[in-house]
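First the structure, in the form of structure tokens, and then the observations on it.
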Amino acid sequence: MKPLTSNDKQFIKYVKETCKQEGIKVVLRNSKSVKVDTNVRVSGYFDSEHKELVVARKHKEFLALLVHEFGHVTQWQENTKLWKDADNSIPKTDAWLQGKEIYNIKHHLSVVRDLELDNEKRSVKLIKKFKLNIDVPDYIRKANCYIHLYNYLYH
């Protein structure tokens, strides 16, 4: 992991302050991954129901992950149409990925993909606005791969 710059530290402070105002608990766990539930480990997540933003602090992409998860916070804050639509589609997509049969899964995958695309655009804006120590073209390449994953998951 790269050392944090003063801009990076300012961003982290901004995230914590913004989340505190919204009643969101920020957990920067001193690990390489975090548990979403007993069966699933990820690098970070935002849970709007339990008002918790959790990111693995020791993950090599920690800052980019924090930006991404905070982007979801902004979608939730603004109560975007994409956020509202995904409220139904995310659990169905997760259940389908765990082997459950889900009616109209192509639709749910596209809703989640569109939510993530909007979030990646927000993330790039945050990286630029705060002048974070993140290589923007590299971030965009990785984001594009993540978005395209949703185009191929069904197949």
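The values are calculated or read from the model by the stated rules, or taken from the named source; none is laboratory data. All of these numbers come straight from a predicted model, not from anything done at the bench. Glycine gets a Cβ as well: all are built from the backbone with ideal geometry, and neighbour counts include every protein chain shown. For accessibility, only protein heavy atoms count, side chains too; no ligands or nucleic acids. Shrake-Rupley method; radii C 1.70, N 1.55, O 1.52, S 1.80 Å.
A few notes on this one:
- Filter result (within 24 Å of residue 85 (Cβ to Cβ) and β-branched (Val, Ile, Thr)) within the range 21-52: 24, 36, 40, 42
- Selection of the range 119-155 for residues being in contact with an Asp or Glu (Cβ under 6 Å, 6 or more places away or on another chain) and crowded, with 18+ Cβ neighbours inside 10 Å yields 132, 143.
- Matching option when the condition is modelled with pLDDT of 95 or more, within 13 Å of the chain's Cα centre (by Cα) and under 23 Å from residue 123 (Cα atoms), among 63, 109: 63
- The residue list 85, 118 contains one member that is assigned to a helix (DSSP H, G or I), acidic (Asp, Glu) and without any contact (Cβ under 8 Å) to a residue 40 or more places away in the chain, which is 85.
- The one condition in (1) within 28 Å of residue 31 (Cβ to Cβ); (2) in a helix (DSSP H, G or I) that residue 134 fails to fulfil: (2)
- The range 92-108, subset among the polar types (S, T, N, Q) and out of contact with any His (no Cβ under 6 Å at 6 or more places or on another chain), residue farthest from residue 37 (Cα to Cα): 104
- Looking across the range 62-101, the residues that are of a type in the set (A, V, I, L, M, F, W, C), touching a strand residue (DSSP E or B) at 6+ places or on another chain (Cβ under 8 Å) and open to solvent by less than 20 Å² (accessible area, probe 1.4 Å) come down to 62, 66, 70, 73.
- Here residue 37 meets the list (1) loosely packed, with under 14 Cβ neighbours inside 10 Å; (2) over 18 Å from residue 130 (Cα atoms); (3) touching a residue at least 12 places away in the same chain (Cβ under 8 Å) almost entirely, failing just condition (3).
- Residue within the range 48-61 that is buried (at least 19 other Cβ atoms within 10 Å of the Cβ) and assigned to a helix (DSSP H, G or I) present: no
- Looking only at the range 1-34, and only at residues there that are assigned to a loop (DSSP other than H, G, I, E, B) and either of a type outside the set (S, T, N, Q) or open to solvent by 100 Å² or more (accessible area, probe 1.4 Å) (or both), the one that is modelled with the lowest pLDDT: 1
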